[in-house]
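Let me begin by presenting the structure, written as structure tokens, before commenting on it.
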Amino acid sequence: MDHHLLDLAGNTLLNVTDRPGIIMDKGEGMYLSDTNGNRYLDFVGGWAVNCLGHSPDALGRALSHQAARLVNASPSYFNRPMIEFARSLTNRCCFDRVFFASSGAEANEGAIKLARKYGTLKKNGAYDIITAHNGFHGRTLTTMAATGKAAWEPLFEPKTRGFQKSVFNDISSVKSLISENTCAVMIEPVQGEGGVHAADPGYIKALRRLCSDHGILLIFDEIQTGMGRTGKWFCYEHYGVEPDIMTLGKGIGGGFPLSAMLAKEFLNIFDPGDQGGTYSSQPLAMAAGLAVLQALQDQHLVEKSRKMGRYLTDRLRELEKTHAIRHIRGMGLLIAFDLEADTGGRVVSTCLDNHLLINGVGERTIRLMPPLIVSERDIDHCVAVLGTAVARR
Ligand SMILES: *Cc1c(COP(=O)(O)O)cnc(C)c1O
């Protein structure tokens, strides 16, 4: 039966990524099961999305309750969960205003549009945004243009103009790119897709000062780092600075498609019609977001992320003494390490064979981003399986 389904998949789906020959069927806590009944311990977590684990009760209850009441009213009307979620989310962070969307890229598009609107109104039409090499902001044409992946540069030209790439963690590189036409600087405080590289505290402080001095906006893409992933609610809190705009995605919906673009009060400058979307503030998504926020709080998962992140890092450091891994790094439960050789593909597939899901970044780096509900036992199991995959031979 699986062979039939896999053939069908091969013949019907547009081929956009290499997937292993299994079909995921069920999720429960830290585990995913395939159609053959194999259970996998999940340290990918839906790509840093399933912060509450798989099929959490809180999410199921909120969705079925909201589905029975109101699925969709149109973005032209207020709905109750939209207002409640906007209040809860802005209460949790340093921002005053929020725009909701469905995907991370869409939230970043909103941030870019807001920065350009600011440039139009306050900076004589300035529209350039300085981003960073090795950064990642999404797969729409504009967010691809903002992304600092060298391999993407020649693709799908012409992309959106107006992005300059600075060297991450190098403030002088940002300085040298600022011009009359700059309206914002946009970075990830920890470069996630780029292999989990955290910004230096000195760099972030200098960046904040530089942006304020020039009257340009500082945008943090916290789509991967937000919602407790790094051991604080939002990664900017680690640095003691406040950006002007922040985008959230991934964990914010716990698996339901949801993203947000948050801004300070002085950026409440969109005119009606500037920004919107059919699914903006969609009631089911709002109910999901509200339930996730509440569960993160009730289950103390942000603290847990910090604690379990430390435990996982300690266990990896022990492994490092005898195994072919190095450069263990990360914050909270966003962790990566390098391999001594280009064996990423083999390590990921060996772990899969042993029913552990991990994420390879290129051939040299392994990234771990488990649900925030992960226990010490889960981590011990993960490290044991990893140990067999990265043994020195
Ligand atoms: C995943 C990610 C995005 C894109 O989010 P999508 O939901 O895939 O559009 C953007 N920025 C960062 C930092 C991400 O990790």
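Any read-out appearing in this document is the output of simple, stated calculations on the displayed coordinates, not a laboratory observation. Note that this is a predicted model, so its numbers are computed, not measured. Backbone-built Cβ (ideal geometry, glycine too); neighbour counts: all protein chains shown.
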Which of Asp314, Asp213, Asp380 fluctuates most in a GNM of the chain (C-alpha springs under 10 Å)? That residue is Asp213
Just grab the label-to-label distance for Tyr311 and Gln294, each label 7 Å out from Cα along the Cβ direction, in nm (one decimal). 2.7
Before rounding to the nearest 500, sum -39500 (n - 2.57) across all DSSP H runs of length at least 4 in the chain and divide by the residue total; then give [θ] at 222 nm in deg cm²/dmol. -12000 deg cm²/dmol
The chain - share of DSSP beta bridges that are antiparallel (%, nearest 5): 65
Which value, in debye to the nearest 20, describes the size of the charge dipole of region 22-178 about its Cα centre when Lys and Arg Cβ atoms bear +1, Asp and Glu Cβ atoms bear -1, and nothing else is charged? 720
Could you work out the Kirkwood radius for region 257-311, taking every pair of different alpha carbons, averaging 1/r and inverting it, reported in Å? 14.1
Along the dipole axis of the chain (charges at Cβ: +1 for Lys and Arg, -1 for Asp and Glu; origin at the Cα centre), the most positive-end residue among His54, Ala391, Leu312 is Leu312
Between region 342-370 and region 273-287, what is the separation of their alpha carbon centroids in Å? 36
Relative to the chain, whose Cα atoms define the longest principal axis, helix 57-69 and its Cα axis are tilted in degrees, nearest 10, by 50
At a threshold of 8 angstrom on Cα-Cα distance, excluding pairs fewer than six apart, so keeping six or more, what relative contact order does the chain reach in percent? 22
Given unit charges at Cβ for Lys, Arg (+) and Asp, Glu (-), the dipole magnitude of the chain about its Cα centre in debye, nearest 20, is 620
With springs connecting C-alpha atoms under 10 Å apart, model the chain as a Gaussian network and identify which of Arg310, Arg364, Arg161 has the largest mean-square fluctuation. Arg161
In cubic angstrom per residue, the convex hull of region 1-129 built on its Cα atoms measures 211
Output the pairs from Lys149/Lys321; Lys232/Lys307; Lys175/Lys205; Lys123/Lys264; Lys205/Lys232 with a Cα-Cα distance over 21 Å in this structure; if there are none, say none. Lys149/Lys321
Can you tell me the alpha carbon radius of gyration of the chain divided by the globular rule-of-thumb value 2.2 N^0.38 Å? 0.99
I'd like the orientation of helix 104-122 relative to the chain: the angle between its Cα long axis and the longest Cα principal axis, in ° from 0 to 90, rounded to 10. 20
With a Förster radius of 22 Å, plug the Cβ-Cβ distance of Asp271 and Lys122 into 1/(1 + (r/R0)^6) and report the FRET value to the nearest 0.05. 0.90
Cα Rg over Rh - region 1-61, Kirkwood: 1.03
Asp96 to Ser349: extension gain in nm, 0.36 nm per residue of separation minus the Cα-Cα distance? 86.6 nm
With the cut-off at 1.5 for a/c, could you classify region 213-343 from its C-alpha gyration tensor as rounded, prolate or oblate? prolate
Area projected by the alpha carbon convex hull of region 287-393, averaged over all directions, nm²: 7.1
Taking the 0 to 90 degree range and rounding to the nearest ten, how far is the long axis of helix 376-389 tilted relative to the main principal axis of the chain, both from C-alpha atoms? 70
Potential extension, Lys113-Ser176 segment - 0.36 nm per residue separation minus Cα distance: 20.3 nm
Label-point separation, Met24 to Ser88 (7 Å along Cα→Cβ), nm: 2.4
For His3 and Ala341 in one chain, what is 0.36 nm times their gap in residues minus the Cα-Cα distance, to one decimal in nm? 118.3 nm
